[in-house]
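Each remark here refers to the structure printed beneath this line.
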Amino acid sequence: MSEDPTPELFDKIVNLSKRRGFVFPSAEIYGGFRSTYDYGPLGVLLLRNVKDAWWRSMVQLRDDVVGLDASILGPPQIWEASGHLANFTDPLVDCTNCKMRWRLDKLDDPDLCPNCGQRGAFTEPRAFNLMFKTHAGPVEDTGAVAYLRPETAQGMFVNFANVLNTSRKRPPFGIAQVGKSFRNEITPGNFVFRTREFEQMEMEFFVPPPEAQQWYEYWCAERFRWYLELGMPADQIRLRPHDADELSHYSSGTSDVEFLFPWGWDELEGIANRGDYDLTQHANHSGQRLDYLDPVTNERYVPHVIEPAAGATRTAFAFLIAAYVEEEVRGEQRTVLRLHHRIAPYKVAVLPLSKKAELAGPAKELYRLLAERWMCDYDDTQSIGRRYRRQDEVGTPYCVTFDFDSLDDQAVTVRDRDSMEQERVPIDGLVDYISAHLN
Ligand code: GAP
């Protein structure tokens, strides 16, 4: 796969997202709001499927990871202990010529304003804290200051003892969480890639210190495998270990899962060996014990943490890009999203050949039967060919057509999105047929 930028692909995805109801600019009727986005009827399904696939792999299929849903609002003490109040900053420069603001570390040339082209017009960089600050309660005094979490991770650290005491887990074990995080990014952009409000999928895996390196390698491999299993093409994804000068102050090893976006390689997920930094910080700041007493060896230790931290919104976007294909079929162009069935918004579309009541009645019944198990669409508008194309464009793996023959032979035509092959399937075997193909 060529690594050249593909801005036309980016435009097509943004266009498809809006046109088909994946992603809308937020508050659009008021002119939009500062790089925030709303997930439409298809986008909410896609995003939910990405999060569910992550949860399935990280929590459901494992006996060593449990879930958590911690609060978004938190007191300053959490962020003091975590280091976010002091360190979660980006270097901000203002162009004195055009007044645009930039993140210095993201500029190609640190002396050149990308907006007006002026050289040497930047102010001295200042550290800009990315956390959103607010007040809990009616009084806006310092005692009421709260922050919206900039990552879900701290919820797992501050609940370490709660989970340890209630779940009967012992290291090595993990706590996983999916949820919204907020960062006042100086330069959000590239559609939903970098936004101020986004969703993360993070897991903190607590291990005996001597096992940290081995678990770090395990999670790098395991997380990389997850993307491949869900259909990411191997030439569009890579695992890149950080250089020493890129590592955070607490990390002894970090690797990024990167995806080949239309503008080049960029991060989907970071897997970090965080040592005992977080638990030690919170123990020191809270005065609470955050360690583990091994009942077998009687040894007390602070577990080390391996953290796979992924972005849900960013990953859903990457799946859309990776799935987008334009191809020619019998002289006509078709656009198809070759999404893995687990990620596809709809699994099945039920298409009655005609709107007539004699077909619509049983077709609706069929829809209700399938909708018990899968997210389905029902579409009775326009020609069957156009309906197939519409489902292809949003990645629906199977279309089920109910026609006049179905009334006699009690069978339907099932069309496969990728091969476009059609098969006649008896209605009483349809659920089994689709189940077998979706597994
Ligand atoms: N707890 C570690 C942590 O939060 P991070 O690399 O800052 O690490 C993890 O964030 C993931 O969250 C990133 O790899 C990215 O996918 C997603 N993410 C971070 N900032 C984002 C933003 N402004 N917009 C969308 N996704 C973001």
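The values are calculated or read from the model by the stated rules, or taken from the named source; none is laboratory data. Every value quoted in this text rests on a predicted model; they were computed, and no experiment measured them. Note: ideal-geometry Cβ built from the backbone for every residue, glycine included; neighbour counts use all protein chains shown. When the accessible area is computed, the model is the full protein with side chains, heavy atoms only, and any ligands, DNA or RNA have been set aside. Shrake-Rupley method; radii C 1.70, N 1.55, O 1.52, S 1.80 Å.
Given a 1.4 Å probe and every protein chain left where it sits, what share in percent of the accessible area of the chain is carbon and sulfur?
Numbers: 10200 of 21060 Å².
Answer for the chain is 48 percent, counting heavy atoms of protein chains only.
Filter the cross-link list Lys180/Lys347; Lys51/Lys355; Lys12/Lys356; Lys12/Lys347 down to pairs whose alpha-carbon distance in this structure exceeds 29 Å.
Values: Lys180/Lys347 26 Å; Lys51/Lys355 36 Å; Lys12/Lys356 36 Å; Lys12/Lys347 23 Å.
Violating the 29 Å limit, Cα to Cα: Lys51/Lys355; Lys12/Lys356.
Could you compute the FRET efficiency for Ser248 and Met375, with r as their C-beta to C-beta distance and R0 at 51 Å, rounded to 0.05?
Numbers: r = 39 Å, r/R0 = 0.76.
After rounding to 0.05, the efficiency reads 0.85.
From largest to smallest, what semi-axes in whole angstrom does the chain give when each is the square root of 5 times an eigenvalue of its alpha carbon gyration tensor?
Numbers: eigenvalues 376, 172, 83 Å².
Here the semi-axes work out to 43, 29, 20 Å.
Which value at 222 nm does the chain reach when only helices count, each DSSP H run of 4 or more adding -39,500 (n - 2.57), with the total divided by all residues and rounded to the nearest 500 deg cm²/dmol?
Dividing the helical sum by the residues of the chain leaves -9000 deg cm²/dmol.
Pick out, in residue order, every one of the GluC sites (Glu not before Pro) in the range 366-428 that is DSSP loop and has at most 13 other C-beta atoms within 10 Å; say none if there are none.
Glu372, Glu421
Among Val158, Ser181, Thr142, whose Cα lies farthest out toward the positive end of the dipole of the range 142-189, if unit charges sit on the beta carbon of Lys, Arg (+1) and Asp, Glu (-1)?
Towards the positive end, the residue furthest out is Val158.
Can you tell me which of 155-162, 136-143 comes out highest on packing, and rank the rest after it, using the mean Cβ neighbours within 10 Å?
155-162, 136-143
Charges only on Cβ, +1 for Lys and Arg, -1 for Asp and Glu: so what's the dipole of the chain about the Cα centre, in debye to the nearest 20? Walk me through the intermediate numbers first.
Values: 49 positive and 67 negative charges, 217 e Å.
I would put it at about 1040 debye.
Taking a point 7 angstrom from the Cα of Thr89 along the C-beta vector, which residues in the range 112-130 have backbone N less than 16 Å away?
123-130
From Cα coordinates alone, what are the radius of gyration and Dmax values for the range 223-335 in angstrom?
Cα only, the range 223-335: 20.5, 73 Å (Rg, Dmax).
Over the range 124-250, give the accessible area per residue in Å² for a 1.4 Å probe, as an integer.
Roughly 46 Å² per residue, with all protein chains present.
Which loop trypsin sites (Lys or Arg not before Pro) in the range 314-346, with loop taken from DSSP, have no more than 14 other Cβ atoms within 10 angstrom of their Cβ?
When the trypsin sites (Lys or Arg not before Pro) of the range 314-346 are filtered for loop state and at most 14 Cβ neighbours within 10 Å, Arg330 remain.
Relative to the longest principal axis of the chain, what angle (0 to 90°, nearest 10) does the C-alpha long axis of helix 312-323 take?
40 degrees
Quick one: Cα convex hull volume of the range 216-278, Å³ per residue?
Here the figure is 92 Å³ per residue.
Apply the Debye scattering formula to the range 274-319, with a single equal point scatterer on each alpha-carbon and no solvent, then give log10 I(q)/I(0) at q = 0.16, 0.19, 0.21, 0.33 Å⁻¹.
Here the Debye-derived log intensity ratios amount to -0.60, -0.69, -0.76, -1.09.
Where the convex hull is taken over the Cα atoms of the range 324-393, what is its projected area averaged over directions, in nm²?
So the mean shadow area of the Cα hull is 5.2 nm².
Starting from the Cα of Glu393, move 7 Å in the Cα-to-Cβ direction to define the label point; list residues of the range 322-347 whose amide nitrogen is under 17 Å from there.
Backbone N within reach: 323-329, 332-339, 345-346.
Can you give me the orientation-averaged projected area of the convex hull built on the Cα atoms of the range 58-101, in nm²? Intermediate results must be reported in sequence, preceding the final value.
On the way: hull surface 24.8 nm².
So the Cα hull casts an average projection of 6.2 nm².
Which value results for Rg/Rh of the range 97-222 when Rg is the Cα radius of gyration and Rh the Kirkwood radius based on the inverse mean 1/r?
With Rg and the Kirkwood Rh in hand, the quotient comes to 1.10.
How large is the translational diffusion coefficient of the range 181-259 in µm² per second when you combine the Kirkwood radius over alpha carbon pairs with Stokes-Einstein at 25 °C and 0.890 mPa s? Don't jump to the answer; show the numbers that get you there.
On the way: Rh = 15.0 Å.
It comes out at roughly 164 µm²/s.
Using only Cα atoms, tell me the angle between helix 212-229 and the longest principal axis of the chain; keep it within 0 to 90° and round to the nearest 10.
20 degrees
Direction-averaged shadow area of the convex hull around the Cα atoms of the range 273-366, nm²? Don't skip to the end; give the middle numbers.
Numbers: hull surface 56.0 nm².
Computing the convex hull of the Cα atoms and averaging its projections yields 14.0 nm².
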